[in-house]
Amino acid sequence: MNSGDDKTWRLVDANLNRLKEGVRVIEDIARYLNDDASLASKLKNIRHECKIDNYAGIIKSRDSVNDVLKTSTSSEMQRSDINSILIANYKRTQESARVLEEVLKIFDPKLSDKFKNIRYELYMLEKDNLSKN
């Protein structure tokens, strides 16, 4: 992978974390609240796919202390039920996968394509998952 400036890798790092964290929330709801082994396994596999070589190098660009939007907005603090948590986290994961897909086109089109596939898989899982509720 080509080197990029620290700000670009900071963007990659933040979205990779956001993607994996969101998948984990959905996965844990499927596993512990819904006892849905099939969905939980699919999400676990996706979470394990969400990696980039040289992660140790990427986190060197992390600067969470100076994140200008690290404070949660009021809408982020409002969840009415488990379904609203699922929806928020599906959207979070899809948006993060899209950012990774776009930014990684600069460095590695094959890696970009991996995150595109993850995004589309999340779209399908969201439809199946939310159709059950």
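Observations on the structure shown:
- When residues of region 31-48 are limited to those that are surrounded by 14 or more Cβ atoms within 10 Å (Cβ to Cβ) and not aliphatic (A, V, I, L, M), the one farthest from LYS114 (Cα to Cα): ASN34
- Test: residue in region 1-12 that is hydrophobic (A, V, I, L, M, F, W, C), in contact (Cβ under 8 Å) with a residue 12 or more places away in the chain and either on the phi > 0 side of the Ramachandran plot or not in a helix (DSSP H, G or I) (or both): yes
- Filter result (closer than 21 Å to ARG10 by Cα, at pLDDT 95 or above and more than 17 Å from the chain's Cα centre (by Cα)) within region 68-121: LYS105, PRO109, LYS110
- Restricting region 38-66 to residues that are modelled with pLDDT of 85 or more and acidic (Asp, Glu), the residue that is farthest from ALA97 (Cα to Cα): ASP53
Residues are listed down the side, and each one gets a yes or a no for (1) assigned to a loop (DSSP other than H, G, I, E, B); (2) loosely packed, with under 15 Cβ neighbours inside 10 Å; (3) hydroxyl-bearing (Ser, Thr, Tyr); (4) at positive phi:
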{"residue": "ASN15", "(1), (2), (3), (4)": "no, no, no, no"}
{"residue": "VAL23", "(1), (2), (3), (4)": "no, no, no, no"}
{"residue": "ILE29", "(1), (2), (3), (4)": "no, no, no, no"}
{"residue": "ILE52", "(1), (2), (3), (4)": "yes, no, no, no"}
{"residue": "GLY57", "(1), (2), (3), (4)": "no, yes, no, no"}
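The values are calculated or read from the model by the stated rules, or taken from the named source; none is laboratory data. As the structure is a computational prediction, the values presented were derived from the model and not from experiment. We place every Cβ from the backbone using ideal geometry, glycine too, and count neighbours over all the protein chains shown.
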